[in-house]
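Novice: First the structure, which I've put down as C-alpha cells, then a few questions once you've had a look.
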Amino acid sequence: MPTAVSENRSPVFVPMAVAWLALILSAAFVLIGTMTTPADARATASAAAQIVQWLCSIGLLFGFVLVLGCVLVDRRGTPRRAWFAVLAALVLIFGLGVAWSMGQNQALAALLKDRSRQDLLIWVSALGAVKVIAINAVALPLAWRLGGRGDTPVSWSSGQRRVVGALVAASLCAGLLLLVQNVAAAFTSLGQGEQGAGMSVVALAVGAVHGLFALALPMRRGAGAVPALLSSLLTPVLIVAASLPVVTAGESWDLPARITAVLLILLFAPMLSWLLVRWLHGRAGRG
C-alpha cells in the first residue's frame, strides 16, 4: 500500500509542520498588512524593533502549537493522513483567529472607549495569550481527528527531543516575557518608545539563552515539550522574584552594580529554571 507507506511520518513531523507553516503564514500576513498600510498611519518604531517584537509575540503561537501537537502525538499517534491534518490545522487556526479578532475588536471598542491606552494594552496582551491557547485547543484536536488516529505508543529519538525542547523553550520564554512586559507597561514606562523596543530585545535574548541551554541538556524521555513549557513559565517568575531586591534596594546600590545584577539574573534565571524542571522530570520518571 504506497499511500500508507508515504504517510508513515516521524512523530515530530506534524507538530513541526504546523508550527513552522503558521509562523511563515503569520509573517506573510504581517508583511502584506504593513505594505498595504499608508506610510503616515504606520507605527513610528523602527523596522528592526517591530521585527523583534513580532518574533517575541509569535513565539507564543509557535511554542504552544509545538507543545500541544507533541501531546496529541503521544496520546493519539501521528495522524495517518499527515498532510491533511497539517492543512486542516492551519485552516482552523487562521479561520478561528480571524473570527476571534473581529469579535475582540468590537468588544474592546465598546468596553474600553473611555479607557486609556495603557488599559487597552494590558487587555490586548492578555486576550492575545488567551486567544492562542483557546484557538489551538480547539483547532489541533479537530485536525488530529480529521487526519485519522495513528499508532501508539510513540517513541521519540534523542535528536527529536533535543530540537523540540529547544524550540519550545526559546519561543515560549520570549513570548511570555514580552507578555509580562506588556502587562507591566500598563503601570510603568517599560512599554513606551525605545524602552519597549529594548525590553523586547531582552525577551528575545533570554529566550535564546533558554533555548540554547535546553539544546545542550535535553530531557531524558518523552518529546521534551511539556517540560519546556513549564520551564518557560517558571523563568519569568524567577526573573521577577530575583529582581525585586535590586529594584527595592534604593540608593544602597549604584548604577553599575544594578546593571551587573540584572544581567546576571537574566543570564542565570533561564538556566536555573531549566535545570530545576529537568531534575524534577527525571525524578518523576524514576519514580
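The values are calculated or read from the model by the stated rules, or taken from the named source; none is laboratory data. Not measured: the values here are computed from a predicted model. In this analysis, Cβ positions are derived from the backbone assuming ideal geometry, glycine residues included, and neighbour counts consider all displayed protein chains. Calculation scope for accessible area: heavy atoms of the full protein, side chains included, ligands and nucleic acids excluded. Shrake-Rupley method; radii C 1.70, N 1.55, O 1.52, S 1.80 Å.
Novice: Before we move on, is P227 touching a Ser or Thr at 6+ places or on another chain (Cβ under 8 Å), more than 23 Å from A126 (Cβ to Cβ), at pLDDT 90 or above and open to solvent by less than 40 Å² (accessible area, probe 1.4 Å)? Walk me through how you get there before you give the answer.
Specialist: On the way: touching a Ser or Thr at 6+ places or on another chain (Cβ under 8 Å): no; more than 23 Å from A126 (Cβ to Cβ): yes; at pLDDT 90 or above: yes; open to solvent by less than 40 Å² (accessible area, probe 1.4 Å): yes.
Considered against the rule, which asks whether it is touching a Ser or Thr at 6+ places or on another chain (Cβ under 8 Å), more than 23 Å from A126 (Cβ to Cβ), at pLDDT 90 or above and open to solvent by less than 40 Å² (accessible area, probe 1.4 Å), P227 comes out as no.
Novice: Cβ-Cβ below 7 Å, separation at least six or inter-chain, first residue in segment 136-154 and more than 16 Å from L87 (Cβ to Cβ) and in a loop (DSSP other than H, G, I, E, B), second open to solvent by less than 10 Å² (accessible area, probe 1.4 Å) and not basic (K, R): which pairs?
Specialist: Listed by first residue and then by second, the contacts come to R149/G77; G150/G77; G150/P79; D151/G77; T152/G77; V154/V73; V154/G77.
Novice: V246 - would you say it is without any contact (Cβ under 8 Å) to a residue 60 or more places away in the chain and surrounded by 15 or more Cβ atoms within 10 Å (Cβ to Cβ)? Break it down stepwise before answering.
Specialist: Numbers: without any contact (Cβ under 8 Å) to a residue 60 or more places away in the chain: yes; surrounded by 15 or more Cβ atoms within 10 Å (Cβ to Cβ): yes.
It is true that V246 is without any contact (Cβ under 8 Å) to a residue 60 or more places away in the chain and surrounded by 15 or more Cβ atoms within 10 Å (Cβ to Cβ).
Results for (1) basic (K, R); (2) modelled with pLDDT under 95; (3) in contact with a strand residue (DSSP E or B) (Cβ under 7 Å, 6 or more places away or on another chain), shown as yes or no for each residue.
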{"site": "A186", "(1), (2), (3)": "no, yes, no"}
{"site": "L190", "(1), (2), (3)": "no, yes, no"}
{"site": "V202", "(1), (2), (3)": "no, yes, no"}
{"site": "V247", "(1), (2), (3)": "no, yes, no"}
{"site": "R258", "(1), (2), (3)": "yes, yes, no"}
{"site": "L263", "(1), (2), (3)": "no, yes, no"}
{"site": "L275", "(1), (2), (3)": "no, no, no"}
{"site": "G282", "(1), (2), (3)": "no, yes, no"}
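Novice: Check D151, D114, D119 and return the single one that is in contact with a Gly (Cβ under 7 Å, 6 or more places away or on another chain), more than 26 Å from R278 (Cβ to Cβ) and either modelled with pLDDT of 95 or more or not β-branched (V, I, T) (or both). Steps first, please.
Specialist: Working: D114 fails: in contact with a Gly (Cβ under 7 Å, 6 or more places away or on another chain); D119 fails: in contact with a Gly (Cβ under 7 Å, 6 or more places away or on another chain).
The match here is D151.
Novice: Related question: Considering each of L66, L55, L61, L72 in turn, give the residue that is surrounded by 19 or more Cβ atoms within 10 Å (Cβ to Cβ), modelled with pLDDT under 80, touching a helix residue (DSSP H, G or I) at 6+ places or on another chain (Cβ under 7 Å) and not polar (S, T, N, Q). Quick ask: steps written out before the conclusion?
Specialist: On the way: L66 fails: modelled with pLDDT under 80; L61 fails: modelled with pLDDT under 80; L72 fails: modelled with pLDDT under 80.
Of the residues listed, the single one that is surrounded by 19 or more Cβ atoms within 10 Å (Cβ to Cβ), modelled with pLDDT under 80, touching a helix residue (DSSP H, G or I) at 6+ places or on another chain (Cβ under 7 Å) and not polar (S, T, N, Q) is L55.
Novice: Any residue at all in segment 1-23 that is at pLDDT 80 or above, open to solvent by 50 Å² or more (accessible area, probe 1.4 Å) and either of a type outside the set (G, A, S) or more than 26 Å from V73 (Cα to Cα) (or both)?
Specialist: Yes, some residue in segment 1-23 is at pLDDT 80 or above, open to solvent by 50 Å² or more (accessible area, probe 1.4 Å) and either of a type outside the set (G, A, S) or more than 26 Å from V73 (Cα to Cα) (or both).
Novice: Give just the number: which of (1) farther than 15 Å from A169 by Cβ; (2) among the hydrophobic types (A, V, I, L, M, F, W, C); (3) open to solvent by 70 Å² or more (accessible area, probe 1.4 Å); (4) within 26 Å of the chain's Cα centre (by Cα) does I265 not satisfy?
Specialist: (3)
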